[in-house]
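Down below is the structure, laid out as structure tokens.
The values are calculated or read from the model by the stated rules, or taken from the named source; none is laboratory data. Computed from a predicted structure; not experimentally measured. Ideal geometry is used to build each Cβ from the backbone, glycine not excepted, and the neighbour counts take in all protein chains shown.
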């Protein structure tokens, strides 16, 4: 079981396999194959996710900037968390911690300096690898 996790380079992972004895003795090799294939099949079925530490960046803009900002975000590598429609629009975006400064510069340039960009809480974002 551990060898399957090592081959897939997985960390911080727990796998539990329960085998009910059905009267047939598999032997050491059979047990290794049975448990190993159970882990492989389980991982293939549920998939593997990568957890990345992100900052939630809030971009407050006037409504006339919304279309341009949403389009730019959809075309970028950033993932939108949500949008609040208040007196001004608050667009929340997941940004990798190390890319917050370039994101703020990009958003400021995109809106000709009219956006109020603030860095919010940090959170882990899970993305499907396979």
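A few remarks follow.
- Which numbered condition residue 57 fails, given (1) in contact with a strand residue (DSSP E or B) (Cβ under 6 Å, 6 or more places away or on another chain); (2) loosely packed, with under 10 Cβ neighbours inside 10 Å: (2)
- Within the stretch 96-115, the set of residues being within 18 Å of residue 81 (Cα to Cα) and assigned to a loop (DSSP other than H, G, I, E, B) comprises just one member, 115.
Okay, residues lined up against (1) part of a strand (DSSP E or B); (2) more than 20 Å from the chain's Cα centre (by Cα); (3) within 30 Å of residue 17 (Cα to Cα); (4) in contact (Cβ under 8 Å) with a residue 60 or more places away in the chain:
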{"site": "67", "(1), (2), (3), (4)": "no, yes, no, no"}
{"site": "82", "(1), (2), (3), (4)": "yes, no, no, no"}
{"site": "94", "(1), (2), (3), (4)": "yes, no, no, no"}
{"site": "122", "(1), (2), (3), (4)": "yes, no, no, yes"}
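- Cross-chain or 6+ apart pairs with Cβ under 8 Å, the stretch 1-25 first and in the same structural domain as residue 43 (by TED's automatic domain parsing) and in contact (Cβ under 8 Å) with a residue 60 or more places away in the chain, then surrounded by 10 or more Cβ atoms within 10 Å (Cβ to Cβ) and assigned to a helix (DSSP H, G or I): none
- Leading residue by the ranking (surrounded by the most Cβ atoms within 10 Å (Cβ to Cβ)) among those in the stretch 39-54 that are in contact with a helix residue (DSSP H, G or I) (Cβ under 7 Å, 6 or more places away or on another chain) and in a helix (DSSP H, G or I): 39
- Number of the condition not met by residue 36 [criteria: (1) modelled with pLDDT of 90 or more; (2) outside the structural domain of residue 114 (by TED's automatic domain parsing); (3) exposed (fewer than 15 other Cβ atoms within 10 Å of the Cβ)]: (3)
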